[in-house]
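Before any comments, here is the structure.
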Amino acid sequence: MVSEMNKFYLHQVEGFRAEGWASSAEEALDLLAEKPYDLILLDIYMKESNGLMLLSEIRRRGLRVDVIVISAASDKESIQEALQNGAVDYLIKPFEFSRLRAALNGYKEQNRLFRTQNRLNQSELDRLSRFKQERTASHELAKGFTRQTLQTVWKAVEACTCELFSAEDISNLSGISRVSVGKYLVGLTEMGVLEMDLVYGSVGRPVQKYRIAPNGRTLITQYI
């Protein structure tokens, strides 16, 4: 299912075509032995194997294939190992399609230059970082949000001792009005940093309660 989803998104970006799929490191190495591939979209969690071990083996064998890691693994050790082994990008699930598109377009530009040029000048090298600029632009705060207020709200969220918290809880901890806090909590939910539940009491309307999403602490660093 995940591979079909990645294939669907890949085909939305001009110039890319899915040519194979492997559920394990062994299957991937067999495919690479049969014919050359330009790019691998690599998950770290694989059947009976580990994507980082596969990436290390690819480099050990000197196989000329590029790798973009797409994984739920957000620990710094996995990210650092992937980048040190030459991954051209690292996407943490869940992510927006725009982030994948930026990674693929950046890779496409890099590949085009390497295929058509024997030498690169500084301006051409600088163009290779364009996709990073697109990535940064996609993390701009929504209109009406300020980084300083977001930092204050997030500090209160992390200071809250309850697993589920309300806008009123964060308002009391941050000193910011409940209405403003509510707007930021909704925004953080849309960013994927928080998850929201409706909690029903014995009487009255349900209350919106929030918790930090599994990748919330990683995602929030892109905004604060």
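Laid out as a table, the results:
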read-out: Whichever residue in region 191-224 is among the small types (Gly, Ala, Ser) and open to solvent by 50 Å² or more (accessible area, probe 1.4 Å) and, among such residues, is modelled with the lowest pLDDT; value: Ser202
read-out: Restricting region 162-212 to residues that are aromatic (Phe, Trp, Tyr) and part of a strand (DSSP E or B), the residue that is farthest from the chain's Cα centre (by Cα); value: Phe165
read-out: Verdict on Gln110 being assigned to a helix (DSSP H, G or I), modelled with pLDDT of 80 or more and open to solvent by less than 60 Å² (accessible area, probe 1.4 Å); value: yes
read-out: In region 190-221, the residues that are farther than 15 Å from Glu158 by Cα and of a type in the set (Val, Ile, Thr); value: Val199, Val203, Val207
read-out: Checklist (1) of a type in the set (D, E, K, R); (2) at pLDDT below 90; (3) farther than 26 Å from Ile92 by Cβ applied to Asp169, failing item; value: (2)
read-out: Selection within region 177-190 - crowded, with 19+ Cβ neighbours inside 10 Å and hydrophobic (A, V, I, L, M, F, W, C); value: Val181, Leu185, Leu188
read-out: So Tyr184, is it in contact with a helix residue (DSSP H, G or I) (Cβ under 6 Å, 6 or more places away or on another chain) and not acidic (Asp, Glu); value: yes
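The values are calculated or read from the model by the stated rules, or taken from the named source; none is laboratory data. No experiment lies behind these values; they were computed from the predicted model shown. Note that we place each Cβ from the backbone using ideal geometry, even for glycine, and neighbour counts take in every protein chain shown. Ligands, DNA and RNA are excluded from the accessible area calculation, which covers all protein heavy atoms including side chains. Shrake-Rupley method; radii C 1.70, N 1.55, O 1.52, S 1.80 Å.
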